[in-house]
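Below you'll find the structure, written out as structure tokens, and then a few comments.
The values are calculated or read from the model by the stated rules, or taken from the named source; none is laboratory data. Please read all numbers here as calculations on a predicted model, not as lab measurements. Ideal geometry is used to build each Cβ from the backbone, glycine not excepted, and the neighbour counts take in all protein chains shown. Calculation scope for accessible area: heavy atoms of the full protein, side chains included, ligands and nucleic acids excluded. Shrake-Rupley method; radii C 1.70, N 1.55, O 1.52, S 1.80 Å.
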Amino acid sequence: MEPWQEMLMENQDMYQERQKGEQPSEAGAARIEPLQKGSPLNHGVEQPEPPGEGRNAQEKGEKLGQGDTPSQEIAAPTQQLQTGTSRVGPPEQEVTPKGQDPGPTLSHPVLDGDGNTSGGEEMPRVFQRGAKEEAEPPEEGRREEALMGELSELVQQVVKRSSWWERHGIDDSIIALNFLILPAGFLCLRSDNALPFLLGIFILGIVHHTVTVKGSHLASHNALTESKSWGKVWAIFFLEVCSAFTAEQAYYNHVKLHHGYTNVIRLGDSSTWKLPFLNRYVYMFIAPIAIPILTPLVALGLLKDVELKTALRTLCCMFLGLYSHYWLLVNVSGFQSMWSALICMLITRSLLAHPYIHVNIFQHIGLPMFSADKKPKRIHLMSLGVLNLPRNALLDWSFGHSIISCHVEHHLFPNLSDNMCLKIKPIVSQYLKKKKLPYNEDSYMSRLQLFLHRYEELMVNAPPITELVGIQ
């Protein structure tokens with residue numbers, strides 16, 4: 001039996017015991033309390049801890065897929081649903097238990113776009129491990145590390161053979177082309193005829209989502225450029241000016257939590273997408289329209305957790321982006337009233353909000369979830385907890401391959417651009433299937449039907465962390 005299958009059974013037994021009314025052990029309770037403190041819902045942006053010691057030589061093969069180079073100066077698996085084809089001070093010394101994955105961090109070397117290594121920041125400490133437990137992983141753990149190292153080596157060879165155009169140029173050109181067609185969208189809105197006017201709405205909507213989803217996503221992973229300095233500039237531009245959100249919280253919650261602890265309960269489990277008070281049809285088809293309104297409001301609420309100068313910068317960038325959009329509608333497109341311009345902003349900014357929400361929940365929720373002390377090694381964590389959707393021309397253009405059809409590849413190697421994720425997709429899929437590891441794929445409509453049918457189970461009736469392991 002494979003190690004990840006044994007772990008699935010282990011956590012299923014744990015859940016069954018909890019259903020019988022058994023209280024969690026003292027050790028389990030000790031782990032749960034720090035997890036709750038580490039939840040993105042319970043704390044703000046934490047300062048990263050000083051980098052720890054480097055990984056041993058055996059783990060160096062994982063450097064390409066272990067984490068991301070920061071782009072700003074900021075801050076138990078369950079049974080899988082049968083649906084796919086398959087976000088101060090020195091740290092205390094931690095000793096990794098025998099067989100326990102130390103978790104992805106940003107402190108070890110990672111490869112940037114051209115295959116060079118660069119250091120990163122350490123992930124926030126989630127829970128303290130016993131100092132008396134053995135640090136050396138067992139044979140199974142070493143085998144899993146070897147699998148990730150072997151796959152990383154294969155991908156690294158592809159990256160080194162790729163040109164700058166393949167690593168960054170193609171995706172940069174797509175974003176630049178969207179800015180070039182932006183004037184045409186505003187001019188089309190001057191027309192009194194329905195067809196040109198609707199064309200203008202479509203152009204502005206596509207450009208907005210390409211810039212705010214694809215651009216912001218790549219910028220948060222520093223995948224737009226090989227320069228770290230320019231990476232920080234682009235991250236602020238795409239996240240704060242274009243998306244009206246705070247770059248610090250976007251980086252912390254997406255790169256550090258979601259990628260560092262993918263499908264780990266209360267850390268990277270995508271629970272921030274759940275709104276249990278909404279019924280299935282309101283959530284899936286009506287609520288997405290409110291995203292352009294909710295995004296800046298949520299960002300304003302998060303600014304209390306950052307430094308004053310950072311908050312002022314974010315406020316200025318958000319105002320610049322929103323007011324520029326309004327000004328162009330009034331002065332270029334010829335809107336006569338404030339309300340007509342604001343309604344046009346809402347329509348264009350929510351044009352692809354429905355697939356945006358759907359994709360974010362389809363690719364993680366309903367897949368195996370893990371407790372922090374029972375999660376497998378990285379390669380099993382990502383292959384079990386991530387799902388690819390089929391290629392779609394519109395969504396591939398607006399959201400990017402790493403969000404749609406190459407999401408598994410993106411979670412394994414998050415610092416690669418969309419085009420590079422597409423390029424390594426055959427290597428990753430063949431390798432995982434060859435090693436008899438899960439490679440989750442499913443269609444958009446299949447996932448939509450699943451969530452409509454099992455909405456209460458997946459999005460509403462999720463129990464608290466002490467009961468969550470094993471339900472999905």
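Shown here is the pair-distance distribution of region 399-445: with all Cα-Cα distances grouped in 5 Å bins from zero up to the longest one, the shares run 5, 24, 31, 23, 13, 3, 0 percent. The mean sequence separation of alpha-carbon pairs under 8 Å and at least six residues apart, normalised by the residue count of region 209-267, gives a relative contact order of 28 percent. Averaging the sequence gap over all C-alpha pairs within less than 8 Å and six or more residues apart, then dividing by the number of residues, gives region 341-439 a relative contact order of 22 percent.
Dipole of region 335-427 computed with +1 at Lys/Arg Cβ and -1 at Asp/Glu Cβ about the Cα centre; of Ile343, His358, His410, farthest Cα towards the positive end is His410.
Entry note, region 376-430: relative contact order of 31 percent, from Cα contacts under 8 Å with a spacing of 6+ residues. Spherically averaged projected area of the convex hull of Cα atoms, region 206-286: 6.5 nm².
Put a dot 7 Å past the Cα of Ala146, heading toward its Cβ, do the same for Val158, and the two dots end up 2.3 nm apart.
Compared with the alpha-carbon gap, the fully stretched path from Trp339 to Ile293 is longer by 15.1 nm at 0.36 nm per residue.
Residue ranking by accessible heavy-atom surface, 1.4 Å probe, largest first, among Ser446, Ser405 comes out as Ser446, Ser405.
Stretching the chain fully between Phe319 and Ile347 yields a gain of 8.2 nm (0.36 nm per residue, less the alpha carbon separation).
In this structure, the pairs whose alpha-carbon distance is over 31 Å, taken from Lys160/Lys377; Lys214/Lys375; Lys374/Lys434; Lys214/Lys377; Lys232/Lys374, are Lys232/Lys374. When the chymotrypsin sites (Phe, Trp or Tyr not before Pro) in region 245-306 are filtered for DSSP coil states and for at most 12 other beta-carbon atoms within 10 Å of their beta-carbon, the remaining sites are Phe277. Evaluated at q = 0.12, 0.16 Å⁻¹, a Debye calculation over the C-alpha positions of region 156-271 (equal weights, vacuum) places log10 I(q)/I(0) at -0.57, -0.86.
Each Lys and Arg Cβ is given +1 and each Asp and Glu Cβ -1; about its Cα centre, region 359-409 then shows a dipole of about 200 debye.
Mind checking the full-extension length gain between Arg391 and Ser191? Use 0.36 nm per residue of separation minus the Cα-Cα distance, one decimal, nm. Don't skip to the answer; put the middle values down first.
Working: separation 200, 0.36 × 200 = 72.00 nm, distance 3.41 nm.
Residue separation times 0.36 nm, minus the Cα-Cα distance, leaves 68.6 nm.
Sorted on the mean count of surrounding Cβ atoms within 10 Å across their residues, most packed first, peptides 305-312, 237-244, 192-199, 384-391 read 237-244, 384-391, 305-312, 192-199. This model, with +1 at the C-beta of Lys and Arg and -1 at the C-beta of Asp and Glu, gives region 180-331 a dipole about its Cα centre of some 200 debye.
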